[in-house]
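Read the structure below first, then the notes.
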Amino acid sequence: MIQADDITLRDWLPSDAAALASNLNNPSVVRYLTEMIPMPYTISHARVFIGMNNFGHFQISRAILVDDILVGGIAIKPQEDIWKPGAELRFFLGEPHWGKGIMPRSIRKFITFAFANYDFERFFCHTIEENTACMRVLEKAGFRKEGVLRNAISKDGKLYNSVLFSIIRSEIQIT
Ligand SMILES: CC(C)(COP(=O)(O)OP(=O)(O)OC[C@H]1O[C@@H](n2cnc3c(N)ncnc32)[C@H](O)[C@@H]1OP(=O)(O)O)[C@@H](O)C(=O)NCCC(=O)NCCS
């Protein structure tokens, strides 16, 4: 468990299913996320997701809690073969929790933990070019913009450029 002040990052629990579904069952939240997230998003979908994470099947994934309320999730997907120094970062917050600076602090905690406990040298995040809130969050968490991948993302039948952000081990102080 990663804990500091009011934000806790911990493994998903079966009892998180209702709160997870409540946060993700919102087109505004999933608008820029993977098409793997069904809509509507039910408690059954949440149970399957939590089950996959509990078996370590998926990636390194944590629930985000503020004052013991589940507000979102954060995960990294390790890369393979010669790309193994890197891991892709993914995250979301339920809409009632936006605009309070929760995600930059959660990202910072999560990657500090991940650099300290795993061999990764780099975390990166692909953002859909019009998701300005996401790009701002990454900048606030200390990530740098690396470049634009043209027409790299297709979501709901529309093509988008991807803006790639990253942070490397030497850019973060591990205590
Ligand atoms: C993107 C997201 C993670 C931001 O997290 P957050 O904790 O709300 O971030 P912050 O409070 O630090 O706000 C970041 C920026 O979002 C924008 N923002 C703030 N409140 C907002 C609101 N109510 N609605 C939309 N955007 C808002 C502002 O530009 C803000 O920048 P500022 O601090 O310089 O004013 C969150 O909105 C979210 O989960 N969105 C849906 C999922 C998603 O897009 N995930 C990222 C995929 S790459």
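Read-outs: derived from the displayed coordinates by stated rules, not from any lab. Everything quoted here is computed from the prediction, not taken from an experiment. Note: ideal-geometry Cβ built from the backbone for every residue, glycine included; neighbour counts use all protein chains shown.
Overview of values
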{"read-out": "Tensor-based shape of segment 76-175 (alpha-carbon gyration tensor, a/c under 1.5 rounded, otherwise prolate or oblate)", "value": "oblate"}
{"read-out": "More than 21 Å apart - percent of Cα-Cα pairs taken over the chain", "value": "48"}
{"read-out": "Local electrostatic count, PHE143, Cβ distance below 12 Å [Lys/Arg +1, Asp/Glu -1]", "value": "+3"}
{"read-out": "Mean separation of Cα contacts under 8 Å, 6 or more apart, over the residue count of the chain: relative contact order %", "value": "18"}
{"read-out": "Sparsely packed GluC sites (Glu not before Pro) within segment 4-88, loop by DSSP, other Cβ within 10 Å at most 12", "value": "GLU35, GLU80"}
{"read-out": "Centroid-to-centroid separation of segment 90-135 and segment 1-53 [C-alpha atoms, Å]", "value": "15"}
{"read-out": "HN-Hα J in Hz across segment 88-94 - Karplus 6.51, -1.76, 1.60, θ = phi - 60°, x for Gly and Pro", "value": "8, 9, 9, 7, 7, 10, x"}
{"read-out": "Counting DSSP beta bridges with both ends in segment 2-171, the antiparallel % (nearest 5)", "value": "90"}
